[in-house]
Amino acid sequence: MKIIGFGVLLCLVLAGFGCKTHSDAAKQSDKSKPTTSAAEKASVPAVEPIDEKSAEKRVEAFARYATGITYELNEKGDEALEAFYQSALANPGNELLVIELASRFAQKKQTDKSIEILKKSCDRRDATGSVFAMLAQVYLRIGKTNAALDAAQSAIKRSPDILPGYEALADIYSAAGKSQETLEVLDRAAVKIQSVPLMLVNLGDMYASFCKLHPKQKESIAPRAK
C-alpha cells in the first residue's frame, strides 16, 4: 500500500512545518491557474513563528512521517499507516495528510480514526473548509446525518470559494432524497467557484450525475453541466 506518493512528500513536509492554509496568496493563485485537487489547494507553505511546544510536535510529526515512508518502502502497509496516523495526530494542521488518511481509514471502515484526526484538525482556528467537508462525508458514510449537515455547512462558511463543502452538502441532500435542495446547492456552488476551471469541471460532473438520478429534470439542467 502506497498511501502517500513521493511526488507529494515535499509538499507534505512543508505543510507540516509552519503552513497557513488558504492564505490570500492562495486565493490569488487560484485565479491564475487551476488546482489539481481541493486538498492541494487547502495547503500553501508559509513560514510563521511557533512556540517551543508546537515546534516539538511538528518535529515529532515529521519524524513519524519519515518512519511511515520507511515502512512503506519495505512494503509494511499497516505499520506505515499507523506511523502516518501518529504524524497527523502530532500535527493536525497538515491538512493534506489528514484528508488523505481520513479517506484511507474510511475505505478500511475505520471511521473512528477518520473522525478523530478530522475533528482534531477542524478544532484549529485556521482550519479550512476542506477538512470540514471531509468530516461531513465520513459522518454521512456512517449515517450521522445531522453531524454531516453541521460539518458541511461549516465547510462552506469557512471556504465558500471551493467545491468540497458544496459537494458534501449536495451528497447529504441527495442521500435523503431531497432533489430540489441538492440542485440548489449545486447552483450556489456554480456562482461561487467560477474562477477555478477544474472545480467547474467537477461541478459539471456533479450536474451530470444529478441528471442521471433525476432524468425528468434533465432537459432544464443539462445546459448547466456543460
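Read-outs throughout are calculated quantities, based only on the coordinates presented, and are distinct from any laboratory measurement. Keep in mind it's a predicted model, so treat the numbers as computed, not measured. Because the Cβ atoms are built from the backbone with ideal geometry, glycine has one as well, and the counts that use them run over all protein chains shown.
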remark   = Here the stretch 198-205 yields Karplus 3J(HN,Hα) values (6.51, -1.76, 1.60; θ = phi - 60°; whole Hz; Gly and Pro given as x) of 5, 5, 5, 4, 5, 5, x, 5
task = Would you kindly derive the ³J(HN,Hα) couplings of the stretch 103-112 from the backbone phi angles with the Karplus curve 6.51 cos²θ - 1.76 cosθ + 1.60 (θ = phi - 60°), listing them in order in whole Hz, with x for Gly and Pro?
result = 5, 5, 5, 5, 5, 8, 6, 9, 5, 4
request  = Determine the shape class of the stretch 117-226: with a ≥ b ≥ c the square roots of the Cα gyration tensor eigenvalues, call it rounded for a/c under 1.5, and otherwise prolate if a/b is greater than b/c, oblate otherwise.
outcome  = oblate
Per-peptide average of other Cβ atoms within 10 Å, ordering 51-61, 133-143 highest first = 133-143, 51-61
Note, ³J(HN,Hα) from phi for the stretch 88-100, Karplus 6.51, -1.76, 1.60, rounded to Hz, x at Gly and Pro = 5, 5, 6, 9, x, x, 7, 5, 4, 5, 4, 5, 4
ask   = Any idea which of A127, T145, A155 is furthest toward the positive side of the dipole for the stretch 115-193, if Lys and Arg beta-carbons carry +1 and Asp and Glu beta-carbons -1?
value = A127
